[in-house]
Structure formats: structure tokens, C-alpha cells
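Reading through the C-alpha cells given below for one structure.
The values are calculated or read from the model by the stated rules, or taken from the named source; none is laboratory data. Nothing here was measured: the structure is a model prediction, and the numbers come from that model. A quick note on method: Cβ atoms are made from the backbone with ideal geometry, for glycine too, and the neighbour counts reach across all protein chains shown.
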Ligand code: ASP
């Protein structure tokens with residue numbers, strides 16, 4: 001009897017040690033988010049870095065709070081978190097959206113829930129303050145999945161969403177970024193706009209799990225700086241930039257959109273989990289760091305499954321990301 005007790009105690013001790021070694025962020029997550037690829041390490045001032053961290057933390061806390069209501073859904077958390085990031089000039093979404101080559105802001109967003117796989121998206125909107133809210137309205141108040149341009153704007157106006165003058169999206173940092181690209185183009189022989197300038201990336205996205213076990217994902221962006229007008233990236237495309245499936249996972253992506261569309265990245269990660277039973281981390285790594293990387297597509301994705309396992313994969317130097325669990329402690333990371 002005495003020996004059995006000792007054996008039991010030893011077993012319990014080793015179980016605790018294993019639980020402590022396990023990266024906690026991989027489990028019990030209720031909300032994860034990203035703020036895009038961001039800047040390589042060392043390019044942000046301490047102050048800028050602090051502002052980005054605190055906005056990501058605020059978005060996590062606001063999103064988690066939205067989950068506390070009894071009737072709250074993962075969609076509520078995704079929308080609430082993304083709105084915080086859209087309202088900040090620091091991210092390439094909403095207020096901080098990048099400019100097209102012609103000097104306008106054209107915003108894209110999408111949202112999806114994993115139980116019935118309902119989805120909504122808007123593309124190329126110029127006057128909707130929070131495109132993620134418009135994407136949700138398309139999902140809940142129309143019989144369509146995606147509305148673009150003027151049609152999306154009229155729909156958002158009729159749905160009672162906040163409408164702003166296009167000048168609301170003008171920020172000095174984004175304008176200077178476009179100017180740099182224009183200068184680089186005129187001083188080079190290339191006929192293409194220069195790529196990868198400072199601040200180019202910064203799309204935002206969120207994935208959430210509610211108490212009913214339902215997943216949701218959303219993504220919002222200004223697209224890629226210096227993009228051709230009318231260009232639509234992966235962010236509003238269900239299966240490319242965003243996907244949610246309770247039987248698989250919730251995914252939000254960021255990166256060079258054309259590659260994410262061609263490789264159906266969000267859906268591909270979900271399919272690897274659903275049909276090959278890969279854990280979130282392995283599924284995300286395989287698509288982002290093998291398939292996409294080999295093809296030359298840079299970017300990353302955040303993934304959450306219905307058990308609360310969260311992972312962020314990226315083939316870039318960093319990915320602004322954060323997650324929060326039932327303990328309510330926001331966790332934020334910017335680089336590798
Ligand atoms: N994926 C976005 C797009 O291509 C850009 C980004 O994530 O930074 O529009």
C-alpha cells in the first residue's frame with residue numbers, strides 16, 4: 001500500500017512538471033490576434049514598440065470582455081478586438097490603412113463563424129470607419145457573402161454603420177510610406193512600384209472561441225501600400241485570409257495577399273487539421289513555412305482550435321501577435 005502511494009505521488013509530480021513545461025499559450029486560449037508582420041527587430045523606437053504592445057493588449061482585453069456576457073459569441077470577441085486595432089493609426093487597417101498608388105485608401109475585411117460556416121466580407125471600401133463591422137453586417141443582414149466598392153458602402157450606410165469622410169484614413173506615416181515608394185520607383189528603371197518599404201505590413205486579425213465551443217475568425221486590412229486601385233487581397237476572401245470551422249480551426253492570415261489567395265492558405269491549414277488530424281502548430285507550420293515559403297510568399301497566420309490550442313506561424317522576422325486565456329492575462333509578442 002505504502003509503495004503504491006509513493007508511486008502515485010511520483011506520477012502526480014511528473015504530471016505537474018509536464019504541464020508546467022508545456023507552453024501555456026498553446027492551450028486554454030479564448031482569443032488570439034495579430035497586427036501584421038510589422039517591422040523587423042530594431043526598426044521601431046521604444047515608444048512605438050510600447051504603443052503597439054499596449055494597443056494589442058487593449059484589443060485582447062476588450063475582446064475577452066466581450067466574451068464574458070452569457071449570450072456572447074466568438075464573433076462578438078473577434079469584432080470587438082479588431083475594432084480596437086482598426087481605430088489605431090498604428091496598424092494597416094481602419095484608421096491606419098495604407099494608400100493605393102493613386103493616393104486613396106481602399107479597405108478590405110472579412111469575418112466567419114465555425115458552427116454553420118456563415119461568412120461576410122467587404123472589399124475596396126473607402127468611407128466605412130470599421131470594415132469588420134461591415135463584413136459582419138453582410139453576414140448577418142444580407143443574403144450575400146461579399147460586397148465590394150460602392151455596393152458595400154451603400155449597404156453599410158443603410159445598415160446604420162459609422163460612415164466617415166475618406167480623409168479620416170489619411171495618416172502622415174502612411175502617406176510618407178507611399179511617397180517613399182513613388183520616389184523609389186521614379187529613381188529606378190523598374191516599371192513596378194518598389195516593394196517592402198517601411199510600415200508596409202500591419203493587417204490585423206483575430207480568432208476566438210466562446211463558451212459554447214464555437215470558433216470565429218476575422219481579418220481587416222488596408223491591403224498593400226502602393227497597390228493598384230481596385231486590387232483586392234486575401235483578407236476579405238474566405239478560405240484565403242480568413243476561415244473558421246468548428247471541426248477544424250479558426251484562421252486569420254497576413255502577408256503577401258496574392259500568394260495567400262493562390263494557396264488558399266486559411267482553408268489549407270483547416271484542411272490539414274480536419275482531415276489529417278495535425279495539431280494547430282503543425283498545420284500552420286506546414287502551410288506557412290513549407291508550402292508558402294517555397295513558393296516565395298511571405299507572411300503568417302494565427303490559428304485556434306475548438307479545444308483552445310493556439311498557434312502563430314510566420315516565415316518573416318516577426319509577427320505582431322497576442323493571445324489571452326481564461327486567466328485573463330494578455331500575452332503579446334512582436335518578433336521570433
Ligand atoms: N494580406 C494583406 C493583403 O495582401 C496585406 C497584409 O497582410 O499586410 O492585402
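Consider the range 100-123. How many of its residues are within 15 Å of the ligand (Cβ to nearest atom), surrounded by 24 or more Cβ atoms within 10 Å (Cβ to Cβ) and not in a loop (DSSP other than H, G, I, E, B)?
7
Looking only at helices (runs of 4 or more DSSP H) that lie completely in the range 232-321, which have at least 2 residues being within 11 Å of the ligand (Cβ to nearest atom), more than 24 Å from residue 28 (Cβ to Cβ) and touching a residue at least 12 places away in the same chain (Cβ under 8 Å)? Explain how you work it out, then say what you get.
Working: elements: 257-262, 265-276, 280-285.
Because the criterion is at least 2 residues that are within 11 Å of the ligand (Cβ to nearest atom), more than 24 Å from residue 28 (Cβ to Cβ) and touching a residue at least 12 places away in the same chain (Cβ under 8 Å), the helices (runs of 4 or more DSSP H) in the range 232-321 that meet it are 257-262.
Would it be correct to say that residue 173 is touching a helix residue (DSSP H, G or I) at 6+ places or on another chain (Cβ under 7 Å), more than 13 Å from the ligand (Cβ to nearest atom) and modelled with pLDDT under 95?
The answer is no for residue 173.
For residue 138, are the conditions met, namely being surrounded by 24 or more Cβ atoms within 10 Å (Cβ to Cβ) and in contact (Cβ under 8 Å) with a residue 40 or more places away in the chain?
no
Select from the range 232-256 the residues that are surrounded by fewer than 24 Cβ atoms within 10 Å (Cβ to Cβ) and farther than 30 Å from residue 71 by Cα and list them in ascending order.
Of everything in the range 232-256, those that are surrounded by fewer than 24 Cβ atoms within 10 Å (Cβ to Cβ) and farther than 30 Å from residue 71 by Cα turn out to be 232, 256.
Taking the range 210-231 as the search range and keeping residues that are near the ligand (Cβ under 10 Å from one of its atoms) and either surrounded by fewer than 24 Cβ atoms within 10 Å (Cβ to Cβ) or over 13 Å from the mean Cα position of the chain (by Cα) (or both), which one is nearest to residue 180 (Cα to Cα)?
225
Output the residues belonging to the range 145-161 that are touching a helix residue (DSSP H, G or I) at 6+ places or on another chain (Cβ under 6 Å) and not in a helix (DSSP H, G or I).
Those that are touching a helix residue (DSSP H, G or I) at 6+ places or on another chain (Cβ under 6 Å) and not in a helix (DSSP H, G or I): 147, 159, 161.
Scan (1) modelled with pLDDT of 95 or more; (2) surrounded by fewer than 17 Cβ atoms within 10 Å (Cβ to Cβ) for the single condition residue 19 breaks and write down its number.
(1)
Yes or no: the range 195-204 includes at least one residue that is more than 16 Å from the ligand (Cβ to nearest atom), in contact with a helix residue (DSSP H, G or I) (Cβ under 6 Å, 6 or more places away or on another chain) and modelled with pLDDT of 95 or more.
Among the residues of the range 195-204, not one is more than 16 Å from the ligand (Cβ to nearest atom), in contact with a helix residue (DSSP H, G or I) (Cβ under 6 Å, 6 or more places away or on another chain) and modelled with pLDDT of 95 or more, which makes the answer no.
So which residues in the range 36-60 are crowded, with 16+ Cβ neighbours inside 10 Å and within 16 Å of the ligand (Cβ to nearest atom)?
Passing the criteria: 36, 37, 38, 39, 52, 56.
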